[in-house]
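The values are calculated or read from the model by the stated rules, or taken from the named source; none is laboratory data. Quick caveat, the model's predicted, so the values are computed rather than measured. Reconstructed Cβ throughout: ideal geometry from the backbone, glycine too, with neighbour counts over all protein chains shown. Accessible surface areas use protein heavy atoms only, side chains included; no ligands, DNA or RNA. Shrake-Rupley method; radii C 1.70, N 1.55, O 1.52, S 1.80 Å.
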Amino acid sequence: MYIVMITPEIAPAAKVGGLADVVVGLSRQLIEMGHAVDVIVPMYKGMRYDQIEDLHEVYGELWVPHFNEWRAEKVFEGKVAGVKTYFVTGGNYTERDNIYGYDDDLFRFVYFSRAALEFMFKTEKRPEIIHCHDWGTALVPAMYYDLYGGLGWNDARAVFTIHNTESQGLCWYADKLLGMVGMNAKNYHQADKMRDDAKHNCINLMRGGIVYSNFVTTVSPTFASEIRGPESGRGLHNCLNVYSAKVGGVINGIDYEVWNPATDKKIAHNYSAETFVEKYKNKYGLREWLHLADAWKPIVSVVTRLTHQKGLDMIKHAIYSTLEKGGQFVLLGESPDPKVNADFWRIKNELENCPDAHLWLGYHEDLAHLIYAGSDIFLIPSLYEPCGLTQMIALRYGTVPVVRETGGLADTIFDVDHSGRGLANGNGYTFKDANAAGLDSALGRAIGCWYDYPDTFNKIAENGMRFDYSWKNPAHDYQNIYNFIKAK
Ligand code: ADP
């Protein structure tokens, strides 16, 4: 099968969040399964060009409509993590240091969506599947059917993946936005098309992605059902209910080459489930790095963006709660919000002389690897979590997850006491209530087990290492979806 991904991000060249990892992880696995996959992304000025191999121009004058004129763009080809990727210039829209965060983001990504389709049309790329991601490329299915169908290009099927419902691409100047790329807003600003369900003066690009695609996926089965309610759906829930027959959840995977304790070069002592005792050497390494006391205590860790979604109050509570329960606490994280950073800096300073806690405020890839390998318990108290990758990484490194039962966390972590899977097939501890008491109920059980039943604790950790959360299964699910819509 020939699949083209049109996406605002691809890891590691242009990455903001998990979306970038999904695009590359899924593409690589599909290629391994024998499919042909191309990725199309904007050619941002501020990309990690060192992560692109063999970048060269392949198309010189791609004319793209822009209001009353046509602009000439260029297309470059290169490999990102082994995946053939096309980079489309966008003039002043791509000459930016960051991927998002500009006042004209809507224009930037709608223009890119049109440019990507125009490139495929002109170069006669005729994929069976066009797969687009989040609000930035949500207009692709509508554009494809309405602008290119009449030109004889109508045999592709479109998949739209929702990675998060936080940003949906709301726009109150639809005439201008859609008019820019030659689309008549009147055709779309309608209740059954792209009109936002709450703000009727706006169009909602994600709503367009849902209505016009052949299949809508989101990044875990639980999140797929959660977004059909108002809290997680954030205004898209009614639309998702209307189209429920073509909505499904596919859990993300993690890259099993990057995240492999048996070969990871970022940790000093490699290990597997068979050589599990070796893991503890990394615990000493972690303590050394973070100046923690060498004591007979479990290390509870958190690696996260410090944002509201991640349950900031519960994270703060967990620091003190862990110390009270006789554990050591490690946090690696940073926030885009200076107030949140200041709050965590205050706690860090307060704990300056504490031998059992260390907060590392910033982004540090190597330290993250050592934390996964060197700690005993990994905490994720998210308020909501479309999929979540850190719980899968923790499992892979034999670190027992303690998570709130939401979204992808609920689909991947099974409580050894309550899930009905028992010790044989459980892999962590979970809690429901998003508050201190809820968190303590699970964290207390994990720390208690570490102290009182070390063999049981090790069994849980080793169970976790045997779960397969690679891209293998999810890529098969996507293949089934592609086949299903192709046959219709
Ligand atoms: P989200 O995409 O919502 O941030 P995920 O769990 O899907 O959360 O993915 C987070 C990824 O980012 C993981 O690979 C995690 O290790 C990494 N990460 C998050 N914060 C940091 C940090 N401060 N330093 C290093 N890696 C981090």
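In the range 265-281, the residue that is least open to solvent (accessible area, probe 1.4 Å) out of those that are in contact with a Ser or Thr (Cβ under 9 Å, 6 or more places away or on another chain) and assigned to a helix (DSSP H, G or I) is Lys279. What residue, among those in the range 442-488 that are among the acidic types (Asp, Glu) and open to solvent by 60 Å² or more (accessible area, probe 1.4 Å), is nearest to Asp155 (Cα to Cα)? Checking each candidate, the answer is Asp477. Among the residues of the range 61-77, those that are over 14 Å from Met120 (Cα atoms) and free of Cβ contacts under 8 Å to residues at least 40 places away in the same chain comprise Asn68, Glu69, Trp70, Arg71, Ala72.
A residue that is more than 16 Å from the ligand (Cβ to nearest atom) and more than 17 Å from Asp356 (Cα to Cα) occurs somewhere in the range 281-289.
Restricting the search to the range 282-299, which residues are in a loop (DSSP other than H, G, I, E, B) and aromatic (Phe, Trp, Tyr)?
Residues of the range 282-299 that are in a loop (DSSP other than H, G, I, E, B), as a first pass: 291-298.
Answer for the range 282-299, where residues must be in a loop (DSSP other than H, G, I, E, B) and aromatic (Phe, Trp, Tyr): just Trp296.
Given the condition in contact with a Ser or Thr (Cβ under 7 Å, 6 or more places away or on another chain), within 16 Å of the ligand (Cβ to nearest atom) and touching a residue at least 60 places away in the same chain (Cβ under 8 Å), answer yes or no: does some residue in the range 360-372 qualify? Walk me through it before giving the result.
Looking only at the range 360-372, we keep the residues that are in contact with a Ser or Thr (Cβ under 7 Å, 6 or more places away or on another chain), and these are 371-372.
Subset that is within 16 Å of the ligand (Cβ to nearest atom): 371-372.
Checking the rest, the ones that are also touching a residue at least 60 places away in the same chain (Cβ under 8 Å) come to 371-372.
Yes.
Within the range 150-198, the set of residues being within 16 Å of the ligand (Cβ to nearest atom) and open to solvent by less than 70 Å² (accessible area, probe 1.4 Å) comprises Thr161, Ile162, His163, Asn164, Thr165, Ser167. For Leu323, the conditions (1) within 16 Å of the ligand (Cβ to nearest atom); (2) crowded, with 16+ Cβ neighbours inside 10 Å all hold with the exception of (1). Comparison of Asn353, Asn341, Asn349 shows that the only residue that is free of Cβ contacts under 8 Å to residues at least 60 places away in the same chain, within 13 Å of the ligand (Cβ to nearest atom) and either open to solvent by 10 Å² or more (accessible area, probe 1.4 Å) or farther than 22 Å from Lys283 by Cβ (or both) is Asn341. Checking the stated criteria, Pro381 turns out to be within 15 Å of Pro401 (Cα to Cα), in the same structural domain as Thr430 (by TED's automatic domain parsing) and away from the ligand (no atom under 12 Å from the Cβ).
Residue-level check: of (1) in contact (Cβ under 8 Å) with a residue 40 or more places away in the chain; (2) open to solvent by 60 Å² or more (accessible area, probe 1.4 Å); (3) within 16 Å of the ligand (Cβ to nearest atom), Ser301 misses just (2). So for the range 365-373 (the condition being touching a Cys at 6+ places or on another chain (Cβ under 7 Å) and either surrounded by fewer than 17 Cβ atoms within 10 Å (Cβ to Cβ) or closer than 20 Å to Val250 by Cα (or both)), does at least one residue qualify? The answer is no; no qualifying residue exists.
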